[in-house]
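Presented below is the structure to which this report refers.
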Amino acid sequence: MNIQIRSSTTLPLLLHLQNVKGALVYFMQAGFAMLCAGSIRTKNVMNVLLWNLLDSCGGAIGFWSIGYAFAYGGDDMGGKTFIGHANFFLMDGADMEDWFFQFAFACALSSIVAGTVAERSKMQAYLCYSLFLTGFVYPVVAHAFWSTNGW
């Protein structure tokens, strides 16, 4: 039996599910923050929790400004590229549900190493690292594996 579903009801459901999936991935931030807090001395717990919060904020700026463009910008232009080359600052319009989903992964990636550098680096250096990771490193890898123009 072939059941037909109207596309007008399917699209909002898929977009909602994309947001739910992104939120679940984004909650990994809290898990990594608790892991970091449990692996350091008590006097530094508040600092590490602040690092994780700023990691998410800085990651949002890095991924919004150049990261999403490097990962998926110019997918419709054809040809294999090293990184994307269009849609910086989401100027050309973007599927915000997809942006949030990919941003959640970029932030989760950058917060994984927060525990390894806790109590060992300065906040400014860590924020620069986080911006670099979410703005360039993750987008290059995402472009290579998930973009239609990737390798």
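The values are calculated or read from the model by the stated rules, or taken from the named source; none is laboratory data. Computed from a predicted structure; not experimentally measured. Cβ coordinates were reconstructed from backbone atoms using ideal geometry, including for glycine residues, and neighbour counts include every protein chain displayed. Please note that ligands, DNA and RNA were not included when accessible areas were found on the heavy atoms of the full protein model with its side chains. Shrake-Rupley method; radii C 1.70, N 1.55, O 1.52, S 1.80 Å.
The stretch between L14 and L53, if pulled fully straight at 0.36 nm per residue, gains 11.2 nm over its current Cα-Cα span. From helices alone, the chain scores -19000 deg cm²/dmol at 222 nm; the rule is -39500 (n - 2.57) for each run of n ≥ 4 DSSP H residues, then divide by the residue total. Given an 8 Å cut-off on Cα distances and at least 6 residues of separation, report the relative contact order of segment 30-151 as a percent. Relative contact order here is 39 percent. In terms of packing, defined here as the mean over residues of other Cβ atoms within 10 angstrom, the peptides 69-81, 39-51 line up highest first as 69-81, 39-51. Atom-type composition of the exposed protein surface of segment 56-115 places 71 percent of the accessible area on carbon and sulfur (1.4 angstrom probe). Protein heavy-atom accessible surface, 1.4 Å probe, per residue over the chain: 59 Å². Spread over its residues, the convex hull of the C-alpha atoms of the chain is 141 Å³ per residue.
The coefficient of translational diffusion for segment 69-151, derived via Stokes-Einstein from the alpha carbon Kirkwood radius under 20 °C and 1.002 mPa s, stands at 157 µm²/s. Computed over segment 1-102, relative contact order equals 29 percent, with contacts defined as Cα pairs under 8 Å that lie 6+ residues apart.
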